[in-house]
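Here the structure comes first, spelled out in structure tokens, and everything after it is commentary.
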Protein chains: 2
Amino acid sequence: MLVVKKFGGSSVADKERIFNVARRCAEEYQMGNDVIVVLSAMGDTTDELLEKAAEINPYPSKRELDMLLTTGEQVSVALMAMALQFLNVPAISLNAFQVKMHSTARNGNARFKRVDTDRITHELENRKIVIVTGFQGVNHYGDYTTLGRGGSDTTAVALAAAMHADKCEIYTDVDGVYTADPRVVPNARKIEEITYDEMLELATSGAKVLHNRSVEMAKKYGVELVVRSSLNTEEGTLVKEVAKVEKMLITGVAADKNTARISVMGVEDKPGTAFKIFNTLAKHNINVDIILQSVGRDGTKDITFTVSQDDLKEAMEVLEARKEALTIKEMNYNEKVAKVSIVGAGMLSNPGVAATMFESLSNSNININMISTSEIRITVLIDEKDADRALVAIHDGFGLED
Amino acid sequence: MLVVKKFGGSSVADKERIFNVARRCAEEYQMGNDVIVVLSAMGDTTDELLEKAAEINPYPSKRELDMLLTTGEQVSVALMAMALQFLNVPAISLNAFQVKMHSTARNGNARFKRVDTDRITHELENRKIVIVTGFQGVNHYGDYTTLGRGGSDTTAVALAAAMHADKCEIYTDVDGVYTADPRVVPNARKIEEITYDEMLELATSGAKVLHNRSVEMAKKYGVELVVRSSLNTEEGTLVKEVAKVEKMLITGVAADKNTARISVMGVEDKPGTAFKIFNTLAKHNINVDIILQSVGRDGTKDITFTVSQDDLKEAMEVLEARKEALTIKEMNYNEKVAKVSIVGAGMLSNPGVAATMFESLSNSNININMISTSEIRITVLIDEKDADRALVAIHDGFGLED
């Protein structure tokens, strides 16, 4: 059996944790399995490197930033190989050049195009544990790229897909995917199995347990993921195409506080106005989430939408700069908002889900500002201060603890 | 004009020094020249990485150690590129994979086999300063190698040779090659020009200003080297095939305190005994320097030789283990010794040089234990405590200050 195991930066932050991971990998190896390990940079290494760069140049080129950041994972994998060798387990570390992990050109936000398997296969055949740098690729110029935060999950899935692994385990500091954040909703329940689509909706709705691009790729290549804790041996959550039916309408509820609302008012009520506004934002790589448009009146209309808080400043500046061309009369924003979403394949065939959600919020006296839905997700925008209460109310309303 | 500039780890130890180097390179670039910069790891980075490795595994594999150490130079070059970009000078950093610097397979002590020029040429044609990681290569397995301490000098020479550079400048913390170490001999004089052979003999005799393998390579490919300071704009020392005749018998004097003497006594006085002893050491990669063999008596003889202090422990263990087979009756060693050498092409045609050297030592009451000579070098082994006095005495004896 071939197993891919991915460990995040906190799992390899110091000597003790490195050996903890090494021992887990050694156990798997000693059961006769082939093992590929994917690692992130140790602890806060990436942030420290970013600080070093900022000291030299507040606006470093992304190409050079990737050249700098990729050293972080290389240190992790080399030390892990040494730890395994200390435990008398044959191991070899490989970076993105050595594997080779081909990616698109875009520095800081690349995507994998394909993964060569020759070198890894060769090392596995020699019965070595192969330790691969997460988060990084090589583009067609022969330069390092990085995949953006959380990219090591995607590296693990890409390797599992290319190598036809039997298992892809994502180790994290929680022991699986929960029906809600257990720190906010104490009676949240660990989910045994969840579909790719549900996981994807949860990941994009604020559940930070998996990088959403890794889930997309896992779905595309049919890689079954296991999310489990690096600190214990609990079973974890299985992410797959068809999950065991747990007789639940919804699978989980998540909150995303990294949200801001922007309203542009008095724009001309004619075709193309909204397009121009959102096209302007898209050109600056600003993702717009929920959109609400008022009915036109006096030849003008108001448009309200949400962006991530990270993009808020740039979004306001970009629109301000083109205010006249976009026929915007007035603009305002609110950072004190949060998205709360329920996700579940079960809601496809059950029209009462939205009503149950709104009832739970209403009973808790929580006002809904905006609503957005997909086939298996309902998202509401509420005041940020109400977010935690909303999670508890909805979790109880659907009886998710059982 | 194409100029290769190499800066050591202390020259890029912090932000201020990085910008000092960046400005020097920018000046060269702004004169219209093409510039390749070779950098070592920042400050004590390499030692810090070695400590990290030792924490995990006291005997890490050299392959993984190289994987770890090569991150050091990659951080340097990425930050230097950012610094140059901050000064509005186009720059790009390249590691050994990107260049590509092909080396022999041996981790920790590799040699360059050949250097690809396509990528560098392409970047220079785009009028970028190209910043290359020193000290590292890639072997035919596609793994990182390192060249051993001081290897960045060799990287600079290898690039200068491959790219047919017009100049290869080695920047260091002294402003050239001196007739003796100025910290020991205050009236030591900076040498304007020196031949490859003289430089080589000086480098292997304890003058730490250039890595001896880099001088060998420079001689082989006819790369003229300039040794100069990164802290001022002094002219420095030119290393070339035919140096300007400075009417000096000898060019310089150097001491090497990293020396130990080993004596093996009572070995059988028959052909092959010495061969067996030195072959045993060679198999363990222990270099033997000066050798002295006593005249046989009672069918036995004594052999005395020097090794570097780093190899002393292993040399003693290796010989001890094979004591009987090598017919050794007794062994002892002395770490408190030093080699003092004079080097100069002029001594080829002047038989009085050795006499002058010995007279200087005798006048200072310094005892000579062993003597070794090459065509352009005379080395004596003396007590370590006398080394500094010997340098001054010989420097004065030959009137090198003039």
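The values are calculated or read from the model by the stated rules, or taken from the named source; none is laboratory data. Since this is a predicted model, take the numbers as computed values, not measurements. Cβ sites come from the backbone with ideal geometry, for glycine too, and all protein chains shown count toward neighbours. Accessible surface areas use protein heavy atoms only, side chains included; no ligands, DNA or RNA. Shrake-Rupley method; radii C 1.70, N 1.55, O 1.52, S 1.80 Å.
Just a few scattered comments:
- Restricting the range B:1-24 to residues that are of a type in the set (A, V, I, L, M, F, W, C) and either in a loop (DSSP other than H, G, I, E, B) or open to solvent by 50 Å² or more (accessible area, probe 1.4 Å) (or both), the residue that is nearest to A:M42 (Cα to Cα): B:A13
- Cβ separations smaller than 6 Å between residues 6+ apart or across chains give the following pairs from the range A:192-211 residues that are of a type in the set (S, T, Y) to residues that are crowded, with 24+ Cβ neighbours inside 10 Å: A:Y196/A:V215; A:S205/A:A254; A:S205/A:S341.
- Matching residues, the range B:142-165, being in a loop (DSSP other than H, G, I, E, B) and modelled with pLDDT of 95 or more: B:G142, B:D143, B:M163, B:H164, B:A165
- Any hit, the range B:143-156, residues being touching a strand residue (DSSP E or B) at 6+ places or on another chain (Cβ under 6 Å), of a type in the set (A, V, I, L, M) and more than 14 Å from chain A (Cβ to nearest Cβ): yes
- Enumeration of residues in the range B:97-119 that are within 12 Å of chain A (Cβ to nearest Cβ), charged (D, E, K, R) and either buried (at least 24 other Cβ atoms within 10 Å of the Cβ) or over 20 Å from B:L39 (Cβ atoms) (or both): B:D118
- Residue match in the range A:325-339 (condition: farther than 11 Å from A:I262 by Cα, within 31 Å of the chain's Cα centre (by Cα) and of a type in the set (F, W, Y)): no
- The range A:51-71 residues that are within 7 Å of chain B (Cβ to nearest Cβ), paired with ones that are among the β-branched types (V, I, T) and in a helix (DSSP H, G or I) (beta carbon under 7 Å, 6 or more apart): A:I56/B:I18; A:L68/B:V75; A:T71/B:T71; A:T71/B:V75
- Of the criteria (1) hydroxyl-bearing (S, T, Y); (2) without any contact (Cβ under 8 Å) to a residue 40 or more places away in the chain; (3) touching a strand residue (DSSP E or B) at 6+ places or on another chain (Cβ under 6 Å), which one A:T46 fails: (3)
- Where strands (runs of 3 or more DSSP E) fall wholly inside the range B:296-402, the ranges with 3 or more residues that are in contact (Cβ under 8 Å) with a residue 12 or more places away in the chain and closer than 27 Å to B:V239 by Cα are B:330-343, B:370-374, B:377-383.
- Tally of residues being open to solvent by 30 Å² or more (accessible area, probe 1.4 Å) and either in contact with a helix residue (DSSP H, G or I) (Cβ under 7 Å, 6 or more places away or on another chain) or among the hydroxyl-bearing types (S, T, Y) (or both) across the range B:166-180: 2
- Residue tally, condition open to solvent by less than 60 Å² (accessible area, probe 1.4 Å) and either hydroxyl-bearing (S, T, Y) or closer than 20 Å to A:V184 by Cα (or both), over the range A:369-383: 8
Residue-by-condition table, conditions (1) charged (D, E, K, R); (2) buried (at least 20 other Cβ atoms within 10 Å of the Cβ):
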position: B:E48; (1), (2): yes, no
position: B:L68; (1), (2): no, yes
position: B:F86; (1), (2): no, no
position: B:N95; (1), (2): no, yes
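- A Cβ distance below 7 Å, combined with a sequence gap of six or more or placement on separate chains, defines the contacts here; from the range A:143-163, residues that are more than 13 Å from A:G72 (Cβ to Cβ) reach residues that are outside any loop (DSSP other than H, G, I, E, B) and acidic (D, E) in the pairs A:T145/A:D66.
- Enumeration of residues in the range A:341-367 that are surrounded by 15 or more Cβ atoms within 10 Å (Cβ to Cβ) and out of contact with any Ser or Thr (no Cβ under 7 Å at 6 or more places or on another chain): A:I342, A:G346, A:M347, A:V353, A:A354, A:T356, A:M357, A:F358, A:S360, A:L361, A:S364, A:I366
- Residue in the range A:237-246 that is among the small types (G, A, S) and closer than 30 Å to A:V157 by Cβ present: yes
- Filter pass, B:K329 being farther than 26 Å from B:A110 by Cα and modelled with pLDDT of 90 or more: yes
- Within the range B:283-295, considering residues that are over 15 Å from B:L319 (Cβ atoms) and free of Cβ contacts under 8 Å to residues at least 12 places away in the same chain, the one least open to solvent (accessible area, probe 1.4 Å): B:S294
- Subset of the range B:124-142 [among the aliphatic types (A, V, I, L, M) and within 14 Å of another protein chain (Cβ to nearest Cβ)]: B:I129, B:V130, B:I131, B:V132, B:V138
- Restricted to the range B:1-24, and to residues there that are more than 14 Å from every other protein chain (Cβ to nearest Cβ) and over 24 Å from the mean Cα position of the chain (by Cα), the residue that is nearest to B:P90 (Cα to Cα) is B:R24.
- Test for B:E27: is it surrounded by fewer than 19 Cβ atoms within 10 Å (Cβ to Cβ), more than 11 Å from chain A (Cβ to nearest Cβ), among the charged types (D, E, K, R) and part of a helix (DSSP H, G or I): yes
- Scanning the range B:30-46 for residues that are part of a loop (DSSP other than H, G, I, E, B), open to solvent by 30 Å² or more (accessible area, probe 1.4 Å) and away from chain A (no Cβ under 13 Å) gives B:M31, B:G32, B:D44.
- Checking each residue in the range B:89-142 for being closer than 22 Å to B:S214 by Cβ, small (G, A, S) and free of Cβ contacts under 8 Å to residues at least 60 places away in the same chain picks out B:S93, B:A96, B:S103, B:A105, B:G108, B:A110, B:G137.
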